[in-house]
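Trainee: Before I ask anything, let me first share the structure, which is written out below as structure tokens.
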Amino acid sequence: MATTLKDIANQANVSLATVSRVLNGDSSLSVGEDTRQRIFQVAEELNYTKHQRTKTKGKFARIAVVQWYTQKQELDDLYYMSIRTGIERACEQVGFQVVQIFESKLDQIPTAVDGIIAVGKFSKRQIQRFKQISSKLVMVDYDGLPSECDSVTADFEHGTQLAIGKFISDDLTDIGMIHGSETTSDHQESIPDLRLHYFEREMKKRDLFRPELVFKGDYSSQSGYDQMITAIDTLGDKLPHAFYISNDPMSVGAIKALQERNIQIPERVSLISFNDTTIANYIFPGLTSVKVATEEMGENAVLLMEEQQTTTRDYPKKLVLGTKLVERKTTF
């Protein structure tokens, strides 16, 4: 297992912050020369060598991690918090210094950073602004190829195929969907829900797509509740026996609506969500969900950033991480 800054801090008997600042070459840190030398010696003994090749202009790379969510929104949707956790863990491993920026503070991105990892949905104008600050840019959960920058995304296509395949294997062919709608953080561009795109395509292949069974929310728990209530009220006895829902918060709201109307899950309505955050395992009934490797998305974004810091290439990379279906109690 690779040595971490925490390992060095424990053996050198100093704080993690002190280790980070010493190895980052922070000249403003007031620390004795003996302590400084001890930290470097322990780092050498533990074979902590990655910091030597991630230096930029004689120092550790300073990376701005920009979230398109506010801190409050992140608490409401663990998907992006999990990505950020992966980024921070990987940055510690390679020795990057992290500057955390949330959506409401984009104007506070320092100009003196060596790279930017942008998490979420940003407009072309915002991406250009990032590039003005640093040419080294990685997008997470957003396809960066059209903007000629590296990116890490999840495989929405295969995940959607898994969900539909599960329903059909359970002899459920009347399948509805509750999907999301959103804009970039500056509200300049609409972002289509790729799960809806692949759902419609896959259902049409099987001659099963029915537009009256598709409902649009905004990815929140409240919208999942509202859209399921609308489906129940408008469809009545024609309510489909299965719903594919774009994320876990909306699925939680949908479950609440079904339970309030005394509609049995999964006996009358089966549900499959997307993301498989922690809540999917603890809600009752347990939520069958397409698992996205969120922490690994963050970790791979850091690896792309490390590559940008240490090598030169004239083309962008896009990493697509696979998904898998985790079955629980909302399906048979």
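Trainee: Quick check on my link table: of Lys166/Lys256; Lys131/Lys291; Lys205/Lys291, which ones sit more than 28 Å apart, alpha carbon to alpha carbon?
Mentor: Lys131/Lys291
Trainee: Dipole of segment 279-318, Cα-centred, from +1 at each Lys and Arg C-beta and -1 at each Asp and Glu C-beta, to the nearest 20 debye?
Mentor: 200 debye
Trainee: Residues with beta-carbon under 12 Å from that of Met81, excluding Met81: net charge, scoring Lys, Arg +1 and Asp, Glu -1?
Mentor: The answer is -3.
Trainee: Sort Lys72, Lys318 by accessible area with a 1.4 Å probe, largest first.
Mentor: Lys72, Lys318
Trainee: Another question, then. At a 1.4 Å probe, what is the % contribution of carbon and sulfur to the accessible area of the chain?
Mentor: 47 percent
Trainee: Taking the inverse of the average 1/r across all pairs of different Cα atoms in segment 130-207, what Kirkwood radius in Å do you get?
Mentor: 14.9 Å is the Kirkwood radius here.
Trainee: Show which lysines lie in cross-link reach of Lys72 when reach means a straight Cα distance below 21 angstrom and same-chain residues fewer than eight apart are skipped.
Mentor: Counting by Cα, and skipping residues close in sequence, Lys72 has these lysines nearby: Lys105, Lys121.
Trainee: Go ahead and set up a Gaussian network model of the chain, Cα springs under 10 Å, then flag whichever of Ile127, Ile272, Ile178 fluctuates most.
Mentor: The residue with the greatest mean-square fluctuation here is Ile127.
Trainee: Give me log10 I(q)/I(0) at q = 0.12, 0.29 Å⁻¹ for segment 183-251, Debye formula, one equal scatterer per alpha-carbon, no solvent.
Mentor: Cα-only, vacuum Debye calculation for segment 183-251: -0.37, -1.35.
Trainee: Residues of segment 129-257: accessible area per residue at 1.4 Å, in Å²?
Mentor: 42 Å²
Trainee: Something else now. Given charges of +1 on the Cβ of Lys and Arg and -1 on the Cβ of Asp and Glu, with all other atoms neutral, how large is the dipole of the chain about its Cα centre, in debye to the nearest 20?
Mentor: 640 debye
Trainee: With viscosity set to 1.002 mPa s and temperature to 20 °C, compute the Stokes-Einstein D of the chain, Rh being the Kirkwood radius across alpha carbon pairs; µm²/s, no decimals.
Mentor: Answer from the Stokes-Einstein relation: 99 µm²/s.
Trainee: Springs between alpha-carbon pairs under 10 angstrom, Gaussian network model over the chain: which of Arg195, Arg313, Arg210 fluctuates most?
Mentor: Result: Arg313 has the largest fluctuation of those listed.
Trainee: Also, quick follow-up: How big is the Kirkwood radius of segment 58-190, worked out from every pair of different alpha carbons and given in Å to one decimal?
Mentor: About 16.5 Å for segment 58-190.
Trainee: Might you report the magnitude of the Cβ-based charge dipole of segment 192-332 about its Cα centre, with Lys and Arg at +1 and Asp and Glu at -1, to the nearest 20 debye?
Mentor: Roughly 440 debye for segment 192-332.
The values are calculated or read from the model by the stated rules, or taken from the named source; none is laboratory data. In this text the structure is predicted, and so the values were computed from the model without any measurement. All Cβ positions, glycine included, derive from the backbone under ideal geometry; neighbour counts span all protein chains shown. SASA here: full protein model, heavy atoms, side chains in, ligands and nucleic acids out. Shrake-Rupley method; radii C 1.70, N 1.55, O 1.52, S 1.80 Å.
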